[in-house]
Amino acid sequence: MAFLRNKYVYLILCFFATNVVKSQINVPKQRVSEMKANFLLPKDSYKPGVYWYFMDGNLSKESISKDLESMKKAGIGNLVFLEVNVGIPRGKVDFLSKQWINLFAHAEREARRLGIEITLGIGPGWTGSGGPWVKAEESMQHLVSSQVVVSSADKGKIILPVPKPKRPFFGEDNLTVDFKKDWMAYYKDVAVLAFPFEEQITKIADIDEKSLYYRAPYSSGTVKPYLPSRIAMQTGKGIEKSAILDLTSKMSSDGALNWTPPSGKWTVMRFGARNNGAITRPAPVPGLGFESDKFDTLALNHHLDTYVGKLLGSINKTRKDIPGGLKRLHMDSWEMGAQNWTGNFRLAFIKSRGYDPLKYFPVYSGNVVGSLQESERFLWDLRETAQELILKNHAEQVKAYAHRHGLSLSIEPYDMNPTADLRLGAVADVPMAEFWSKGFGFNSTYSVIEATSIGHVMGHSLIPAEAFTAQDNEGWKQHPTSMKNQGDWAFAAGVNRFVYHTFQNQFLPDSLKPGATMGPYGVHWDRNQTWWPMVNAYHAYVSRCQYLLQQGRTVADILYLTPEGSPHVFVPPSSALRGDTLADRSGYNFDGCAPAQLMKAYVENRYIVFPSGARYRILVLPESETMTPELLTKISSLISNGATVIGNPPKRSPSLIGYPGCDQQIKKIVREIWGQGQLPKTQEAKHYGKGTIIWGEALRKQQDHLYPHYGQTAELLHKLPLEEDFVTMAPVRYTHRTNGNWDIYFLSNTSDSAISFKAAFRSVKGAPEIWDAVTAKIKQVSDFTVTKTKTMIPIALAPYQSCFVVFSKENRNMQVAGLHETQHQELLTLKGPWGVSFDPKWGGPEKVVFDSLSDWSKNKLEGIKYYSGIAAYHKTFDFKAGKLKGETYLELGKVKNLARVSLNGKVVGVLWTSPWKIDISAQVKPGKNELIIEIANLWANRLIGDEAKPDDGIAGGQWPQWLLSGKPRTSGRFTFTTSKQYSSDSPLLESGLLGPVRIINESINIKKEVKLR
């Protein structure tokens, strides 16, 4: 019987096999020949960006201009402007003072001059929208309650105590004395309810989360990604809704209740609005204030006019026809928690849900009204109403405000978000993610999956990420080489703009390096880095990648639908990803989709298609007991029109809207799609209209988070038949973008070893080329084979090397079969002594001779052992050219950490990643050659060496006196920084040119030509 069922699935899927897809994404079809020119020199709009932080009043015109000019020179094209207070003494320029606003205007003018885009956070600090101008009644609010038990036998006056506020999520210590006073002072009565007293009333589990008093940060792993749809069986009594009395009009302002209870005991609850304790964080001191009400447009607009409006009034009108200046507003990661009340919440609830929530108010504090299921449905409606208000009255209003001023809006829709992440992010013009440096902080890679899903479904070509964020153990250890693998992971995951966290405004004198920091945080991506003079080469690589990855649309075959409701973090099946923190996609790529987004989809040639042009071959439903009739009706329409859908039927609606009739609607639609029978034990396929529904107990048995195991979905796709998009046995990640006449695959070696492998690509759009974003070289591929649906290519990659494989109908390369060998010939190994020049300013000898290449940190001279900065290696060598084919390379071997090569007086280029070789064919000459290799290491060693000297840094939260008075330092230290991250016994880091340094020749030997493609 099982065999027959599986055979039936196979036949159904084959019958509804894929047709030729006729429509394409609605974006201009750029020719590959045009893309080649842009790939070589990408425009500024494709360059990476930085978070540009200012530290509470420590800023000046000079430092602003120097920062921006260094960004321009280094290949930075955009920035996010924020001012915070994190671990550094306050400066003299008060936030939002006239002087501060003038400095912001100066920064904006300079950015226009240099062509650098500015994105402005919508409030002080790095999160939220608030400030000292936000009054308590305009702040985020909770509905809180107190209660007393009374009886008809009581003779005394009934006094209802004022309900206390809920403890702020980040604690009361986060509030200043004045804010704590204001937080405690604000109170507004809402309602008074009474109901017959019961000794034991059933309490709802996790009520503070369900009723939106708190939403903990998901990145910290302290909160569920979503609230379960199944309701646990609980015994005990609930409050009879019909017995609840509204006594609101009977209470005077002092809490006295003018009411005589009927016979028996009664519970009386007083409900009121309180501030939730959320303040701007970590804001500069003059910017500290309450977070504005996220349900109230008036409160938001007051905030925006007070902060953003002032800044807009200080600059020239924004213009879309010039590349630089203020271009965007930004909502950073949601870190102000949740609210569940606002002044008109009851009316908004009635309008949205169609019933009055008044008699369900006791549910806020965990009491069951009616039944547990009824109360949970109310809580679902409560959260849904809160979500709608945040989306409509906050996010969409910020977007409208931005658009009115000629700006766009970017949103990081995650972490403590009380809405569904995919819903909040869908409001953005630019959905944005965040990822931390691996090993140096939290794991927020889920936000990358979310932001890229939003961007792909909505058709946004730009999907940035707050990139390589780090905490206090990073210590200037990160650099382009160490970040290459994780950066390539982000590119393959769908990110196509890095915004490095962080470029701290360097307000200190240029002689003090590494200089200012944002406390201990960030990857220190600023002009005081040792390797900053060489970083342009890395940024060029990033820019070329970002350019190509913003073309066309991403190819994904699987669409995972998230459940309705909030809060919700989209968590795909773990089985759909390969690897640990840096998890890569399998052969069938996927995206996530919120129900509200799915409502806009339609079916075309059995593909689920969105207005953006995004298209998916299969829709996977979440394993959830609940679904609204509206969503189920939409899914029914998609299947009927030809979609293939995987998923089991829901049992009921999650809401009280139309209850209990809504549940009957669900059952009716379920019978139409899935039929009358019980859930089959095995996986089965059922024809419905022109489409197919795949269902059965087998999907649950291998459930992976909310979805079937990826292997089950992949098997179904294979049987459609639809081949995997990319196949190889090697440790290689990929992503695929397409646009009509071409396909672009990005590949990256995930291992620290060189690999040679064969790969199959689901493309037959002409002959392939390999584009190298490090060197900007484009190589035609001749050794490939083609079938009806795929192209096979042999590829070789150095450790962590990447490349683009481009298929285009414009390409007509010679296809060659037979043996293809890359021949390596060693021409010369540069042995013997090297002259090395260090910078005495950082403690190194001006001139020294190394008998052989060695690690600086092992040197007996302290000036070399603890040296941080750039040192130049000099060598003269004789070269006998002979008859050479192909290219001649200088190969450096092991480098710690970046290298700039000059030969015969000309800079050849910078090396920052494997294979650590550079083409010198045009520079090397027969006879005598003069070689200079400049090496930049990291700050750690000099910082460690200085820890043996007297500490003359920040103490007691104050700048050192020698700095304030402008006197010379007497400690003997070479470095100065605002964050101490090493001690004198910290291990030193390997540094310098370690080699071996060789000159090699590479050529390709081709045996046999076959045909022209």
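Throughout, read-outs are computed from the coordinates displayed, never taken from laboratory work. Everything numeric here is computed off the predicted structure, so don't read it as measured data. Please note: Cβ atoms are built from the backbone with ideal geometry, for glycine as well, and neighbour counts cover all protein chains shown.
Some points to look at:
- The chain: antiparallel DSSP beta bridges as a percent of all, rounded to 5: 70 percent
- The order of the peptides 920-931, 271-282, 756-767 by mean Cβ neighbours within 10 Å, most packed first, is 271-282, 756-767, 920-931.
- Distance from the alpha carbon centroid of region 73-115 to that of region 153-188 works out to 39 angstrom.
- Separation of alpha-carbon centers, region 542-609 and region 862-916, rounded to whole Å: 43 Å
- Gain upon complete extension [Asp510, Ser33; 0.36 nm per residue less C-alpha separation]: 167.3 nm
- Segment Ser753-His874, extension gain: residue separation times 0.36 nm, minus the distance between their alpha carbons: 40.6 nm
- Applying 1/(1 + (r/R0)^6) with r as the Cβ-Cβ distance of Ala881 and Glu672 and R0 = 60 angstrom yields a FRET efficiency of 0.15.
- Projected label distance in nm at Asn904 and Asp851, using a 7 Å step from Cα toward the beta-carbon: 3.3 nm
- For the pair Lys250 and Ser640, a Förster radius of 51 Å applied to the C-beta separation gives a FRET efficiency near 0.35, rounded to the nearest 0.05.
- Cα centroid of region 340-419 to Cα centroid of region 752-772, whole Å: 49 Å
- Burial ordering of Ser808, Ser868, Ser253, Ser751, fewest other beta-carbon atoms within 10 Å first: Ser253, Ser751, Ser808, Ser868
- Shape category assigned to region 911-991 from the gyration tensor of Cα positions, a/c cut at 1.5: prolate
- Taking the inverse of the mean 1/r over every pair of distinct Cα atoms in region 179-236 gives a Kirkwood hydrodynamic radius of 15.6 Å.
- Counting neighbouring beta carbons within 10 Å and listing from fewest to most, the residues Val223, Val398 come out as Val223, Val398.
- Candidates per GluC sites (Glu not before Pro) in region 192-261, loop by DSSP, up to 16 other Cβ within 10 Å: Glu198, Glu199, Glu240
- Surrounding net charge for Pro124, when Lys and Arg each add one and Asp and Glu each subtract one, Cβ distance under 14 Å: -3
- Counting only DSSP beta bridges with both residues in region 434-533, the antiparallel share comes to about 10 percent.
- In terms of its Cα atoms, region 726-816 spans 34, 27, 26 Å along the principal axes, sorted from long to short.
- Across the chain, Cα pairs under 8 Å and at least six residues apart give a relative contact order of 12 percent.
- Net +/- balance of residues flanking Val997 in space, Cβ distance below 9 Å, scoring K and R +1, D and E -1: +2
- Extension reserve of the Met599-Lys43 stretch, reckoned as 0.36 nm per residue once the Cα distance is removed: 196.5 nm
- Of the peptides 137-147, 345-355, 427-437, the ranking by mean beta-carbon count within 10 Å, highest at the top, reads 427-437, 137-147, 345-355.
- Net charge of the neighbourhood of Ala428, taken over other residues with C-beta under 15 Å away and scored Lys/Arg +1, Asp/Glu -1, is -2.
- Packing-based ranking, highest mean first, of 983-996, 473-486, 582-595, 949-962 given that Cβ atoms within 10 Å are counted: 582-595, 473-486, 983-996, 949-962
- The calculated FRET efficiency for the pair Asp839 and Ser220, based on their C-beta separation and a Förster distance of 45 Å, comes to about 0.60.
- Residue exposure sequence - Lys66, Lys831 - by fewest surrounding Cβ within 10 Å: Lys831, Lys66
- Calculated diffusion of region 420-554, Stokes-Einstein form, Kirkwood radius summed over Cα pairs, 4 °C and 1.567 mPa s, µm²/s: 83 µm²/s
- Among the listed pairs Lys43/Lys600; Lys477/Lys906; Lys484/Lys883; Lys66/Lys477, those beyond 26 Å (Cα-Cα): Lys43/Lys600; Lys477/Lys906; Lys484/Lys883
- Extending 7 Å from the Cα toward the beta-carbon at both Ser971 and Arg230 defines two label points whose distance is 5.9 nm.
- Region 341-491: equivalent-ellipsoid semi-axes (sqrt of 5 x gyration tensor eigenvalues, Cα, Å): 38, 20, 13
- Helix 98-114 and the longest principal axis of the Cα set of the chain meet at an angle near 50°.
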